[in-house]
Amino acid sequence: MVGNTPIIMRGLNHFFGEGEARKQAIWDVNLALEGGKLTVLMGPSGSGKTTLLTLMGCLRNVQEGSIELMGHELHGASEAVLVRLRRRLGFIFQAHNLHESLTATQNVLMGLEVQGAGDRSKQLAAVHHILGLLGLADRVDYLPQNLSGGQKQRVAVARALVGNPEIIFADEPTAALDKDSGHNVVQMLKALGQSRGVTTVMVTHDNRILELADRVITLEEGRVVGDSKPG
Ligand SMILES: Nc1ncnc2c1ncn2[C@@H]1O[C@H](COP(=O)(O)OP(=O)(O)OP(=O)(O)O)[C@@H](O)[C@H]1O
Ligand SMILES: [Mg+2]
């Protein structure tokens, strides 16, 4: 890692499909993302935002070029290295992906499972603390079917945060939230950056969130066409 730059992409290309159908989705991306900052990815539908996010998040193999994640090269990395790196990351997706048969508490506990067995009462305390911060103290024993869309999304945010990730990747995390709860979630992520140095990379179309971003990167047809600081 160069200084506090947990994500460095160099000459990154990505392709989908084989033979005649092979199509390039990411074109020569070169970006260094600073630690503790909130970076927003914008761009039209199909511009490569999710592809780029999943490449950075070790959810897709790097085909061409380089991504250095927290000092580790992802191109050619072994599955064991990728698994260890993923444990240090948190993911929030547009679809909340909660387990319908588990309560809010049990869903958030899943965010700690990847770290292996621990002291159950400490884990529960951490889960209830984060659910409380997200305004769900009185919903900890609810099943997803009895929660609103915004409440489910906040459970998913709690699950991503409970393991104290170093980097959070979020793909339109506020899409199911009303304006105020969306703003609150992003403000919380930003505060984590300032207090604990957590780095957030977020895809969003929400203009109100841009005000909170430290950096806004715009993609078009798989290329970086804009890189700015709001304000
Ligand atoms: N699994 C896949 N197989 C083939 N093509 C894909 C696949 N995933 C994405 N693509 C293509 O890659 C390009 C970028 O897709 P991507 O999902 O990254 O866009 P996006 O910017 O996230 O769009 P949206 O805002 O609609 O979510 C698109 O042309 C898409 O069709
Ligand atoms: Mg997408």
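Some values worked out for this structure:
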| read-out | value |
| --- | --- |
| Residues (hydrophobic (A, V, I, L, M, F, W, C), modelled with pLDDT of 90 or more and touching a helix residue (DSSP H, G or I) at 6+ places or on another chain (Cβ under 7 Å)) located in segment 165-180 | Ile168, Phe169 |
| Matching residues, segment 1-24, being in a strand (DSSP E or B) and open to solvent by 20 Å² or more (accessible area, probe 1.4 Å) | Arg10, Gly11, Asn13, Phe15, Phe16, Lys23, Gln24 |
| Residue list for segment 211-231, restricted to those being part of a loop (DSSP other than H, G, I, E, B) and in contact (Cβ under 8 Å) with a residue 40 or more places away in the chain | Leu212, Ala213, Asp214, Glu221, Gly222 |
| Lone unmet requirement of (1) more than 25 Å from Asn4 (Cα to Cα); (2) open to solvent by 50 Å² or more (accessible area, probe 1.4 Å); (3) more than 17 Å from the chain's Cα centre (by Cα) for Ser78 | (1) |
| Among (1) assigned to a helix (DSSP H, G or I); (2) under 20 Å from Glu220 (Cα atoms) - the single one Ala80 does not satisfy | (2) |
| Qualifying positions in segment 182-212 - away from ligand 1 (no atom under 16 Å from the Cβ) and either hydroxyl-bearing (Ser, Thr, Tyr) or modelled with pLDDT of 95 or more (or both) | Ser195, Thr199, Thr200 |
| Given (1) open to solvent by 70 Å² or more (accessible area, probe 1.4 Å); (2) among the aliphatic types (A, V, I, L, M); (3) in contact with a strand residue (DSSP E or B) (Cβ under 9 Å, 6 or more places away or on another chain), number of the condition Leu133 does not satisfy | (3) |
| Flag if Val140 is more than 21 Å from the chain's Cα centre (by Cα) and not polar (S, T, N, Q) | yes |
| Test: residue in segment 48-59 that is more than 16 Å from ligand 2 (Cβ to nearest atom), of a type outside the set (A, V, I, L, M) and at pLDDT 95 or above | yes |
| Selection within segment 46-68 - hydroxyl-bearing (Ser, Thr, Tyr) and open to solvent by 30 Å² or more (accessible area, probe 1.4 Å) | Thr50 |
| Residues satisfying the stated conditions in segment 153-199, i.e. closer than 26 Å to Gly118 by Cα, among the polar types (S, T, N, Q) and outside any loop (DSSP other than H, G, I, E, B) | Gln153, Ser195, Thr199 |
| Every residue from segment 126-164 that is within 19 Å of Thr54 (Cα to Cα) and either among the small types (Gly, Ala, Ser) or modelled with pLDDT of 95 or more (or both) | Ala156, Ala160 |
| Search result, residues across segment 104-129 that are in a helix (DSSP H, G or I) and open to solvent by 20 Å² or more (accessible area, probe 1.4 Å) | Gln106, Met110, Glu113, Arg120, Ser121, Lys122, Gln123, Leu124, Ala125, Ala126, His128, His129 |
| Residue list for segment 157-211, filter: among the small types (Gly, Ala, Ser), within 16 Å of ligand 2 (Cβ to nearest atom) and buried (at least 20 other Cβ atoms within 10 Å of the Cβ) | Ala170 |
| Residue match in segment 96-103 (condition: away from ligand 2 (no atom under 16 Å from the Cβ), open to solvent by 30 Å² or more (accessible area, probe 1.4 Å), at pLDDT below 95 and of a type in the set (D, E, K, R)) | yes |
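The values are calculated or read from the model by the stated rules, or taken from the named source; none is laboratory data. Here the structure is a predicted model, which means the values were calculated and not measured. Heads up, the Cβs are rebuilt from the backbone with ideal geometry, glycines too, and the neighbour counts pull from every protein chain shown. Just so you know, the surface numbers come from the protein's heavy atoms only, side chains and all, with ligands and any DNA or RNA stripped out. Shrake-Rupley method; radii C 1.70, N 1.55, O 1.52, S 1.80 Å.
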